[in-house]
Each structure stands twice: as C-alpha cells, then as structure tokens.
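Note sheet for the following structure.
The values are calculated or read from the model by the stated rules, or taken from the named source; none is laboratory data. Computed from a prediction, not measured in an experiment: that's the story for all the values here. Ideal geometry is used to build each Cβ from the backbone, glycine not excepted, and the neighbour counts take in all protein chains shown.
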Amino acid sequence: MTWLAFPIAIAVALLIVPAGIRGLLDAGLVRPNYRGASLAFPLGAVLATAALIALAPLAFLDDRGDLDLLAPGLRQWMPYLLGVAFLGFLDDSLGRGENAGAPRGWRGHARALRAGSLSTGAVKALGALALAAYVVSGRGLESWRYIADVGLLILATNLFNLLDLRPGRAEKGLGLLGVGLCLGAWTLAPIELLGIFTGPVLIGAWFTLRERAMLGDTGSNLVGAIGGVWLLTTLGPDARLIALAAIAGLTIYGELRSISVTIDSVPPLRWLDSLGRA
C-alpha cells in the first residue's frame, strides 16, 4: 500500500501550498521572474514543508496501524532530499542573485573559489556532494561504481536547476522522467518511494505554470533530487552509467550554451515547454 503516500501527499499539498504562497506574498517574499513579474518565492520551501506535513500521519499509521504506507527505502534518501532543499534555501536567502554579479554555473563558482571567495552556490555544491556521498554509501558498490552513482545523483540535481529558467520546465522534466522510468521498468516503485515529495511538486507545478510562484533553488534542488534518486533506484548498474553519460553531456551543454535558446529553436520542445503556461 506504499502507493497511497502519493494521493495523501497530494491532498495535504492542496491545503498547504496555496496557503504557503499567500504567506510568502504577505511576508513580502517575492522575486521577479524572467518577464519581470513579481512572484512568491521560494515555492520550494512550501513544497518541502508540505511533504513533511504529509509524512506525519503516514508515519503514525505506518507504525501503529501496520499499514505499510511508507517505502522502506525512504529513510535512506530523506537526508539528501531535505538536505539539498535546505542548501538551495540558503542560496535563495543569502545569495546575491543573478543580476548582482554573483557567480553562475560551476565554472563561475570554481573561479570564485580560486579567487578566495566561497559563494553560496559553492557551499550548495559542496554540501550536496557530501550528502550524496553519505546516502549512496552502504549499498555494497565497487569503488568506481560508488563514485559513478554519487556523480549521477549530483549531476541530476544540478541539471534540474539548469532547467528551471521558465515556469514549469523543471516539473515537466521530472514528470517525463517519472513516466519513462515507470513504463520502461513497468513499475510504480518511483512513485511509491518518493510519493510524499512528488505529490507537492505536482500541485506546485500548477502555481509555477500560472506564474503565481517560483520554485527557487530550494524547489529546483528538490525536484532534481527526486529525479536523481529515481534514476539510482530504478535503473540497473549499466543503465545508470548510460544515464550518467547523458546527464553529464547535458550539463556541459548547459554550461556552454543556453538551454532556453535551444528549446525555443526546436518546435516540438517549444510546444512542450509552453504547454500549460498562462
């Protein structure tokens, strides 16, 4: 019955996410989006909170009622999901932003480190690396496969951060990944494992697509972490290596070229990218 975590998390998110967005607006927590509209920010903090609230009744019933509502593997991955969301929140709260001379991308953060400056983005990257190394350990992997899985988790998280430049793009990418993994492996294991996080992300996508809120690094990190964990737990060893190579290639491309320009230049991708937006 682990699949029940997903609809329960959706029900909780339907109550929490709209109220959380109103709370962000009331507190003046807004930021201009790519079109200059001021939106509630960061929605990712609300999504993580909704997941935690959904966890409370599920954990109580799972333990006291012996209902098997939570996947056993959730305990292993929770530190990474919540940890990278927190690191993203630090970047959202303390970072200088895109238009204030802040370093952008891995190359920018590396240059800042060489210059003796530790940006919030570098703190986020180093913290995510430490968390990934922790949660991937203990799986009995050979040394090089362990390093490859850590790299896959880190790069997947970062890739969704690169995608989050237009409303709903990161969530659509996660949805396509989830559908592909579930159909390809003919399993609902990804939804059963991380349903408490996927549910709030699904509800939050409605508000990002309607340009009422922005994920921020808090949310894009959370979305990327979900995708990375899905890849690690659904794919076999060789398939994970293929996924690592593909994501590494996309990451390099995103560092050197504009993903948004590429999407806009390909009609099917442009249609999918704009689908559902206000």
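Screening residue 39 against (1) aliphatic (A, V, I, L, M); (2) in contact (Cβ under 8 Å) with a residue 40 or more places away in the chain; (3) part of a helix (DSSP H, G or I) leaves a single unmet condition, (3). The residues listed here are 112, 56, 51; of these, the one that is over 21 Å from the mean Cα position of the chain (by Cα), at pLDDT 90 or above, assigned to a helix (DSSP H, G or I) and of a type outside the set (Lys, Arg) is 56.
Just so you know, in segment 226-278 the residues that are polar (S, T, N, Q) and touching a residue at least 40 places away in the same chain (Cβ under 8 Å) include one that is nearest to residue 162 (Cα to Cα), and it is 251.
Residue count for segment 190-248, restricted to those that are hydrophobic (A, V, I, L, M, F, W, C) and outside any helix (DSSP H, G or I): 4. Of the residues making up segment 254-278, those that are under 25 Å from residue 207 (Cα atoms) and either surrounded by 14 or more Cβ atoms within 10 Å (Cβ to Cβ) or among the charged types (D, E, K, R) (or both) are 259, 260, 263, 264, 270, 272, 273, 274, 276, 277. Pairing residues of segment 1-27 that are free of Cβ contacts under 8 Å to residues at least 40 places away in the same chain with residues that are buried (at least 21 other Cβ atoms within 10 Å of the Cβ), at Cβ distances under 7 Å and at least 6 apart in sequence or on separate chains, gives 20/46; 25/40. Quick check, is residue 72 under 24 Å from residue 194 (Cβ atoms), in a loop (DSSP other than H, G, I, E, B) and not aliphatic (A, V, I, L, M)? It is true that residue 72 is under 24 Å from residue 194 (Cβ atoms), in a loop (DSSP other than H, G, I, E, B) and not aliphatic (A, V, I, L, M).
Residues in segment 151-183 that are more than 18 Å from residue 235 (Cβ to Cβ), assigned to a helix (DSSP H, G or I) and either over 13 Å from the mean Cα position of the chain (by Cα) or of a type in the set (A, V, I, L, M, F, W, C) (or both): 162, 163, 170. Being more than 19 Å from residue 158 (Cβ to Cβ) and part of a helix (DSSP H, G or I) is the filter here, so list the residues in segment 262-278 that pass it. The answer is 264, 265, 267, 268, 269, 270, 271, 272, 273, 274. Looking only at segment 24-36, decide whether some residue is farther than 17 Å from residue 221 by Cβ, touching a helix residue (DSSP H, G or I) at 6+ places or on another chain (Cβ under 6 Å) and among the aliphatic types (A, V, I, L, M). No; the residues of segment 24-36 include none that is farther than 17 Å from residue 221 by Cβ, touching a helix residue (DSSP H, G or I) at 6+ places or on another chain (Cβ under 6 Å) and among the aliphatic types (A, V, I, L, M). Of all residues in segment 118-130, those that are closer than 14 Å to residue 86 by Cβ and surrounded by 20 or more Cβ atoms within 10 Å (Cβ to Cβ) have Cβ atoms under 9 Å from Cβ atoms of residues that are of a type in the set (Lys, Arg) and at pLDDT below 80, 6 or more apart or on another chain, in 120/96. Against the conditions (1) surrounded by fewer than 20 Cβ atoms within 10 Å (Cβ to Cβ); (2) more than 27 Å from residue 95 (Cβ to Cβ); (3) touching a residue at least 40 places away in the same chain (Cβ under 8 Å); (4) not polar (S, T, N, Q), residue 165 satisfies every one except (2). Considering each of 72, 57 in turn, give the residue that is in contact (Cβ under 8 Å) with a residue 12 or more places away in the chain and surrounded by fewer than 22 Cβ atoms within 10 Å (Cβ to Cβ). From the options 72, 57, the qualifying one is 57.
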